Structure formats: C-alpha cells, structure tokens
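The values are calculated or read from the model by the stated rules, or taken from the named source; none is laboratory data. None of the values given here were measured: they were computed from a predicted structure. Note: ideal-geometry Cβ built from the backbone for every residue, glycine included; neighbour counts use all protein chains shown. Note: areas computed on protein heavy atoms with side chains; ligands, DNA, RNA excluded. Shrake-Rupley method; radii C 1.70, N 1.55, O 1.52, S 1.80 Å.
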Amino acid sequence: MTSEQPEPVVPTATYRLQLQPAFPFAAAAAAVPYLASLGVSHLHLSPVLEAVPGSLHGYDVVDHARVRDELGGEEGLRALARTAREHGLGLVVDIVPNHMAMVPRHNHALWEVLREGPASPYARWFDIDWEAQDGKLLLPVLAHPVGKELGRLKVDGDVLHYYDHAFPLREGTGKLPLPRLLDAQWYRPVWWRLARTDLNYRRFFSISELIGVRVEDPEVFEATHAKMLQLLREGVIDGLRVDHPDGLADPDAYLDRLHAATGGRWTVVEKILSDGEHLPPSWPVAGTTGYDALRHVDGLFTDPAGAGELLEQYRRFAAPQTDRGGDWAATVRR
C-alpha cells in the first residue's frame, strides 16, 4: 500500500464474496472489474484470518495473528485491496469474536491449554469451567464410550492420536500405560454424545467443534483483534461485519471497545432481528447485515396460504408431541 492511505469510505452497497481455497484473494481480484460495474461500493469478504485447513467458510478461526495462507496470505489480501481501490471499491471484512475452532492440532492457543491446563497463559482465552469434570476439559470426540475406543487411542512421543485428532500430552506422562496416561491429562476424551449433558466449555450454539472465546477480557480482545485493527489503520480494509454478537458475554461492552479501537470505523453486526425487535440503541454500529430487510423481501415470494397445508402435512408425517414441535406456543413454554 502507499504511504498515504485513502480516507475510508462509508459503504453504500456491498457484494459478499465467500472466500475458500478454491476461490482465494487472487480469484476475488479477477472478479473486481465485473463487480465494480454492478454499482457496489465495497466487497464484503468472509473471514480472512487463519482457519482450519480446507475450510470452505473460514468461521473456524485458529490464529487471529495471520491472514489465511490458503487464500494467499496477507500479501494476497493487500493485492486485492489495491485492485479494488483501482476500480473505486473498498473492502469490508467479517470478524469472528465469539469462538475459535476446537481443533488443537491447528489452534496453538488451545493446544497449550490442553498441555498445561489452567496454568497456561492461554487458559484465560477460553470459556472453560475448570471446577467441573474434576478439573479436566471434556473433549467429546470418541465414536463410542472410552472403554470401546482404547485400542484406537495411540501415543506417539508427546502426542495422543485418535483417528485424525491430535492432543498434546502433559509433560512427563508419555510413557504411562494408556488408562493412567488418560487420567493424567488436563482433558478427557469422551463419547461424543456426552456433549449434550456434560460439556464444560462454552461452544457456538450446539457445535462442539467451536469453542467460546472470552473476548470480554481486554488482553484477549487485544490479542484476537490486533491484526484486523492493523489492516484498518493501514487502509487495507474500510469496515467490519461482526459475526454473532449475541453469543458474547457482554455485547454492549464489546462493541464499545471495538468502536473505540477502530476510531469509530463503519461496522455492522449479524444481529437477526425477529418481528417487532429493534437493534439496541446503545450499540455503536451502523446497523445489521440485513436479515430483517431480507425477511420482508422474501415475504414477497412466499404465499402465506400454503403455510397451513405445510403445517398439517408436517404434523401428519412427523407426529410430534404437542409441546415438542406439534404446537409452537406449547413448545416454547416447555
């Protein structure tokens, strides 16, 4: 980028691009002339930070300090920004403050927590209840109860393997017999079904592969936002789209901190407003990503007369109990 950065432009219309290894920054740059001809002001990029290898969406972040290599790395992103500027476009980028990928072999911070337990400097990053499960982090990754899976758990040096999973071993435990070795770790691999009842880390909705991040901690905020804030300061990107702010412990405080850190840069949130719900007026954002508007647009193409027939067919086919899907109000009460 040039030493004199252009003043950020407030988007008037965005075109979203879903980046993935098969559609990296270079492919996005090749599409810029056509996209500019549509009349948009900005490209809205899916998450650009390092994610699980092969990820098709990028929301499974593993490293907040790096732009994703599979997309072309930071140089590729900067090259895309230059091409976009040449055609009068800016960039808006998705950020994911709420969670990271629960894939230790790719998530260095999580790897260190599994190896060192609550004493790890990264332990404060994650929403883990260390007082539950006898001080062990529950890992619901086994296909069956652990007794049936012992033969598939393999030790290689200081690493425990289970199919394509890899977990670090606590120092000095690598030569223990397997049952004792498992007991000696800061984590406990268990049958995946136990995630329904025994999980002791916050996850994204019911997705155990995404672990909650304590972004309300100022140090965690700084560590997980430094790269994106740098890209904003240097004019590589113009604005942000915040993924799932409702999942945060304190959305108001987070958005206030983000607003201050970006100098009030244009930011929108993925807040899905239900009928009659309004965006909290205290949030210092430019609005939502438009699900509420899309609901009205979709209504133009939906025949409400068909809803009753679909509901009756569903009830006949699925035969749900009244308070388990058969009746909405009763289900909500339950």
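Quick look at the values:
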read-out	value
Chain lengthening between Tyr162 and Glu75 when straightened (0.36 nm per residue, less Cα-Cα)	27.7 nm
Val9 versus Lys148: modelled label distance in nm, points set 7 Å from Cα along the beta carbon direction	5.9 nm
Computed FRET value (nearest 0.05) for Asp129 with His108, which takes r as the C-beta separation and R₀ as 25 Å	0.65
Amide N of segment 46-70 lying under 16 Å from the label point, which is placed 7 angstrom from the Cα of Leu38 along Cα→Cβ	46
Filtered GluC sites (Glu not before Pro), segment 103-205: DSSP coil and at most 15 other beta carbons within 10 Å	Glu131, Glu171
Segment Arg196-Ala31, extension gain: residue separation times 0.36 nm, minus the distance between their alpha carbons	55.0 nm
Solvent exposure of segment 279-334 as accessible area per residue, Å², 1.4 Å probe	80 Å²
Correct choice for volume of the Cα convex hull per residue in Å³ that was computed from the model, options (1) 188; (2) 120; (3) 146	(1)
Calculated FRET value between Asp250 and Arg315, using beta carbons and R₀ = 41 Å, to 0.05	0.50
Ranked order, Leu56, Leu255, Leu300 - accessible area, probe 1.4 Å, largest first	Leu300, Leu56, Leu255
R0 of 51 Å, Cβ-Cβ distance Leu178-Phe301: FRET efficiency to nearest 0.05	0.30
Relative contact order %, segment 214-300, counting alpha carbon pairs below 8 Å whose residues are six or more apart	26 percent
Helix-derived mean residue ellipticity, 222 nm - over the chain, DSSP H n ≥ 4, -39500 (n - 2.57), to 500	-9000 deg cm²/dmol
Accessible-area composition of the chain, carbon plus sulfur, in percent [1.4 Å probe]	54 percent
Estimated inter-spin distance, Ala260 and Phe23, nm [label 7 Å along Cα→Cβ]	3.8 nm
Gained length - Ile272 relative to Arg66, 0.36 nm times residue gap less alpha-carbon distance	71.3 nm
Area of Ser208 that stays accessible when all protein chains are in place (1.4 Å probe, Å², to 10)	20 Å²
Antiparallel DSSP beta bridges within the chain, as percent of all bridges there, nearest 5	50 percent
Part-to-part distance (alpha-carbon centres) for segment 257-334 and segment 172-214, which is given in Å	33 Å
